[in-house]
Amino acid sequence: MSTTEYTPPKVWAWNKPNGGRFANINRPIAGSTHDKELAVGKHPMQLYSLGTPNGQKVTIMLEELLALGHRGAEYDAWLIRIGEGEQFGSGFVAANPNSKIPALVDHSGPKPIRLFESGAILVWLAEKFGEFLPKAGEARAECLSWLFWQMGSAPYLGGGFGHFYAYAPSKIEYAIDRFAMETKRQLDVLDRRLAEARYLAGDDYTIADIAVWPWYGGLAKGLLYGSAEFLAVHEYKNVNRWADEIGARPAVKRGRIVNRLQGDPKQQLRERHDASDFELRTQDKLEAKNAAD
Ligand SMILES: N[C@@H](CCC(=O)N[C@@H](CS)C(=O)NCC(=O)O)C(=O)O
């Protein structure tokens, strides 16, 4: 990649790989690249995802619903390897025309209903089961506001800061400065909110916490982009208190490992088709299962 000053041409053209970490999958057109139907399991909810922060939101929500006894939230979690372009298979594109995980197909009604965008999936599940979304008033307003805050903010963290700090083929001071500043500002926004409230919507744990935790909880606990020291994340004391409290929830511990492909193999459950799949980890059979996949 050239390090000289770039003069954009009159009309941009896709004529060269950019060398970035995602160069082999990025392209400027939508639609499928190959035919591949999605597998369908036995449960009402069919999830097609990967254990990134965006994927974890949905598996945490489903595990929380199951923990409350909602059998209708039983799910099969199928792995979509985005590094290998599986989000461009025809079946996945039919579930999400935007070709990004997570996508959910709800088979509980007379005809399957597709959902894409993690925020939409969380609201759908919250309304369907009557959990984690306050029904009215200030708590509902706060919940929806922080939920949509996450949808608007995280691209600056992931696509901006994370991309230029950790993945871009060269370190560009301008880009890292710009997005580090915005990321720290966002952490401060959260820290101030969590100084005045236990959870983002107030006294109760909601889908706002479920959406924000995998991104900003992960960042505060030093799990994203190897950036803990660079961003001095320990300074955000209220975010850390909140991140620890949510991270200790059993459903969160389960949900965050589903569809994971990275990190400690004991913290990866590549596909989840039954509640008993989690026990495989404690029996040390998971590594063998993952190796066989
Ligand atoms: N706003 C979307 C973001 C989804 C997203 O960016 N997913 C990423 C993984 S974390 C993805 O599938 N990327 C594949 C690609 O860009 O080709 C959501 O919240 O669901």
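The values are calculated or read from the model by the stated rules, or taken from the named source; none is laboratory data. Just so we're clear, the structure is a prediction, and the values are computed from it rather than from any experiment. So basically every Cβ, Gly included, is an ideal-geometry build from the backbone, and we count neighbours across all protein chains shown.
For this structure, a couple of remarks:
- Listed by first and then second residue, the pairs linking a residue in segment 112-125 that is aromatic (Phe, Trp, Tyr) to a residue that is away from the ligand (no atom under 13 Å from the Cβ), with Cβ atoms under 9 Å apart and 6 or more places separating them unless they lie on different chains, are 124/106; 124/113.
- Screening segment 92-122 for residues that are outside any strand (DSSP E or B), of a type in the set (Gly, Ala, Ser) and within 15 Å of the ligand (Cβ to nearest atom) and picking the one that is farthest from the chain's Cα centre (by Cα) gives 95.
- If you go through segment 123-159 and keep only what is within 11 Å of the ligand (Cβ to nearest atom), aliphatic (A, V, I, L, M) and closer than 21 Å to residue 99 by Cα, you end up with 151, 154.
- Sole residue being in contact with a Pro (Cβ under 9 Å, 6 or more places away or on another chain) and without any contact (Cβ under 8 Å) to a residue 60 or more places away in the chain, chosen from 72, 55: 72
- Number of positions in segment 71-91 that are over 16 Å from the mean Cα position of the chain (by Cα) and either crowded, with 23+ Cβ neighbours inside 10 Å or outside any helix (DSSP H, G or I) (or both): 5
- Listing of helices (runs of 4 or more DSSP H) fully contained in segment 137-235 that carry 2 or more residues being of a type outside the set (Asp, Glu) and more than 19 Å from the chain's Cα centre (by Cα): 137-155, 173-196, 228-231
- Any hit, segment 49-70, residues being in contact with a Leu (Cβ under 8 Å, 6 or more places away or on another chain), buried (at least 24 other Cβ atoms within 10 Å of the Cβ) and assigned to a strand (DSSP E or B): yes
- Single residue of segment 1-26 satisfying the filter (within 16 Å of the ligand (Cβ to nearest atom) and either among the small types (Gly, Ala, Ser) or at pLDDT 90 or above (or both)) that is surrounded by the most Cβ atoms within 10 Å (Cβ to Cβ): 20
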